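Scroll down for the structure; my scribbles are underneath it.
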Amino acid sequence: MSSHSHNDPDRTSDAPLLAARNLTKHFPVKGGGSRVVHAVDSVDIELHAGEVVALVGESGSGKSTIARLLAKLMPHTSGDILLEGTAVTARFGRRFRNYCRRVQMILQDPFASLNPIHRVRYVLTRSISIHRGRMSRDERERMLRELLERVDLTPPERYLEKFPHELSGGQRQRVAIARALGADPEVLLADEPVSMLDVSIRIGVLNLLRDLKDRFHLAVLYITHDIASARYFADRTVVMYAGQIVERGPSEAVTQHPLHPYTQLLIASAPDADRLEEREATEATGEPPSLISPPTGCRFHPRCPFAMERCRTDAPPMFSAESGHESACWLYADDAEAERAAAFGAQTPGEAQA
Amino acid sequence: MTITTPQRTQAEPLLEIRNLSVDYGYDDDAVRALSNVNLTLHRGEILGLAGESGCGKSTLAYAATRLLPPPGVITGGEVLFTSSRSRESGDLLRMSDKQLRAQRWRDTAIVFQGSMNALNPVYKVGKQLIDGIAAHEKMSRSAMRERAAELLTMVGISADRLDSYPHQLSGGMRQRVMIAMALALEPELVIMDEPTTALDVVMQRQIVEQIIELKDKLGFSVIFITHDVSLLIELADRIAIMYAGEIVEDAGSREVYHEPRHPYTAGLLHSFPPLRGPKRELGGIPGSPPDLLSLPSGCRFRTRCPYAVDACAQLVPELGGTVFGDEEPHRSVACHLHDDAVDTPAVPAELAVRPEGRTLLGVDPR
Ligand SMILES: Nc1ncnc2c1ncn2[C@@H]1O[C@H](COP(=O)(O)OP(=O)(O)OP(=O)(O)O)[C@@H](O)[C@H]1O
Ligand SMILES: Nc1ncnc2c1ncn2[C@@H]1O[C@H](COP(=O)(O)OP(=O)(O)OP(=O)(O)O)[C@@H](O)[C@H]1O
Ligand code: SF4
Ligand SMILES: [Mg+2]
Ligand SMILES: [Mg+2]
């Protein structure tokens, strides 16, 4: 580990495999003239090989939009997407296809993402032949079996001739993962890959994704509503609010010592059976903000219990705490010591970590 | 019998479900979705109903209130409802339609699964609330509007939202409107089927806090259905765990969390990563929930159960006392490991945790 960046020991390699810089997506409002939905605004995100990054945040905060932009399923409004440091601009042709092979997406709904009229054999064969080109029959057959074995659908012959409706939800999601792996990808973008699955089989699919990540040194973006699963599964966690990143850092730091008031609200709201005795009402109030005319300054200020004057007017930049843990909140400005103490008492979050 | 934990015995039962069975379909290929379910809801209690998708939670709720849509058929059992207002008691399943209609909305209300999408998009929220009240109460239009405003305020929405259309409200607000509608006639029992599942956790927390506050204020009882056991552990007084159409464990929610007795309950608890405390390796439960058309013989969980023995394939376990018998009179489990009459190895320590000091004891059932 000593060769790695000194300020972030959790990174597995220094150069990101896939990165977004100032990534922005505005959707036009139907019949709204020049008004737009600010779905994603100036987002920076980095995915490293062999690392899982969790993307959490409020419903409608732009998580899926980021995944779709990174998968090039739609054009971004501005900003850059960089693969191994090189901006990816191709929208079609060989370079675009090559990008699509290397960056694969797994969707939330294993029921909708597989065509009901195709057998598993067809689904996987198609993925292999689109992305890997011609090969002999034997070679292809071997590869099919290998793909199913990788996702623990064994013995493979039991599953090859099945239709999606003959599989359970967890098995279907495994087929969807095998299909993505068929492209021999380097990046997996998993948008709520387990939220439609039965509770008892979710962990199995997450553990599988983690094993695959380790074995094939994949970079994984894991989008979820479940912050506890981000802690369990992801090396780093990124928190979004209203189209922007408000906090990021090692998952353990983000979940145990959240800095941003929104992250604190999110964590206080999550079910947690171990805190029965000490739980007080979160007194959470307020509604998600409009993304058509987002609040000025910090977008969280209308709901924030600590909002100060400048929160209403100036957008906070990212302030660093420790070990790559940072948050976009004015309470962490150098000159906000008094406000910080007033908000959190003597023990400021983030400083408590050993 | 000495009762060591008397707190449960005081509460009066509000709803008693006895041997309730439900089929979907009418002939040979009917699916048995509920098998001999027994469950009691006490007055003032929040009872949680948990289990995986398809285990029969919604079916139980709808059958118990006779709202089961075809091809659902109640094939047996009774549902006794004892009103605390009229002190009358009756079997909901044997009431005439007229009796039922007169009684049901007054005493029980349901917030249906996915109901926040059931608001009519072309009418204002206020009109929909008022129509709901008008169907059951005789009062003047202005009194009803006042009542509608009061209901909205009660669930934390400002009264000027009466004139909003559903699409102008967020998902969380629409869900609150549905809760307001359920509370319109001051029911004694409110059944909530996954009321927060489609919402994000912050909104979920707001709504759950609201439900608890309203329950304390208005004094109704709740059956809260969800697949999220960790939410129930916080919210519910008692939890019934369902698996493949049966109740496999019924206990206080802290007991379910700290001292599970059924292997499935323990497996479910191992499926949720903890948000705090030490990180532990999790396995979930191997396999997937069974198809109701081809259930395993004996115990329905045995194909996924790490403790299954021969007896589990031969005998159907019944919901009964735990291995600790009279020491735990208020809880029940359906697992042969806990049944003295069935030849099984000792209950594994994991399923025999005792409250005192939370230590693990390997217990011999004999
Ligand atoms: N094609 C589209 N046209 C217009 N607006 C869109 C489109 N897709 C998404 N949006 C809007 O962009 C915002 C971000 O949506 P997105 O789906 O990325 O959120 P999310 O964080 O994935 O939410 P969830 O957790 O509910 O899945 C939302 O306000 C959404 O309504
Ligand atoms: N109309 C129907 N016809 C046939 N089978 C049905 C019908 N409705 C439900 N079932 C079956 O009955 C079983 C119980 O369904 P139910 O909806 O009660 O489950 P649930 O526990 O509420 O699940 P979820 O968590 O997904 O809401 C399921 O296996 C389902 O497939
Ligand atoms: S910047 Fe201000 S309003 Fe925003 S979260 Fe921090 S304290 Fe609250
Ligand atoms: Mg999404
Ligand atoms: Mg249901």
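Counting other C-beta atoms within 10 Å, which of B:Lys215, B:Lys279 has the fewest, and how do the rest follow? Can you show the working numbers first?
Working: B:Lys215 17, B:Lys279 12.
In increasing order of surrounding Cβ atoms, one gets B:Lys279, B:Lys215.
Looking at this model, which pairs from B:Lys98/B:Lys138; A:Lys25/A:Lys72; B:Lys57/B:Lys98 are more than 20 angstrom apart at the alpha-carbon? Show your work: numbers first, answer last.
Details: B:Lys98/B:Lys138 18 Å; A:Lys25/A:Lys72 12 Å; B:Lys57/B:Lys98 27 Å.
Check vs 20 Å cut-off fails for B:Lys57/B:Lys98.
In chain A, the calculated helix contribution to ellipticity at 222 nm averages -9500 deg cm²/dmol per residue, counting -39,500 (n - 2.57) for every DSSP H run with n ≥ 4.
Taking every DSSP bridge with both residues inside the protein assembly as shown, close to 60 percent are antiparallel. Take the Cα of A:Asn98, go 7 Å toward its beta carbon, and the backbone nitrogen atoms of the stretch A:51-88 under 16 Å from that spot belong to A:82-88. Across the cross-link table entries B:Lys127/B:Lys217; A:Lys63/B:Lys124; B:Lys127/B:Lys215; B:Lys217/B:Lys279, which are compared at the Cα atoms, the separations over 28 Å belong to A:Lys63/B:Lys124; B:Lys217/B:Lys279.
Within chain B, what's the longest stretch lacking GluC sites (Glu not before Pro) that sit in DSSP loops with no more than 15 other Cβ atoms inside 10 Å? All intermediate terms of the calculation are to be shown ahead of the outcome.
On the way: sites that count: B:Glu88, B:Glu137, B:Glu281, B:Glu318.
Result for the longest clean stretch: B:138-280.
Return the loop-located GluC sites (Glu not before Pro) in the stretch A:107-162 (DSSP other than H, G, I, E, B) with at most 11 other Cβ atoms within 10 Å of their own Cβ; answer none if there are none. Provide the component values of the computation, followed by the final result.
Working: sites: A:Glu139, A:Glu141, A:Glu146, A:Glu149, A:Glu157, A:Glu161; in loops: A:Glu161.
Of the GluC sites (Glu not before Pro), the ones in loops of the stretch A:107-162 whose Cβ has at most 11 other Cβ atoms within 10 Å are A:Glu161.
With contributions of -39500 (n - 2.57) from each DSSP H run of at least four residues, the per-residue ellipticity at 222 nm computed over chain B stands at -8000 deg cm²/dmol. Across the stretch B:110-208, the relative contact order, built from alpha-carbon pairs under 8 Å that are at least six residues apart, equals 41 percent.
Just so you know, all these numbers are worked out from the coordinates, no wet-lab data involved. Quantities reported herein were computed from a predicted structural model and do not represent experimental measurements. Every residue, glycine as well, gets a Cβ built from its backbone with ideal geometry; the counts of neighbours run over all protein chains shown.
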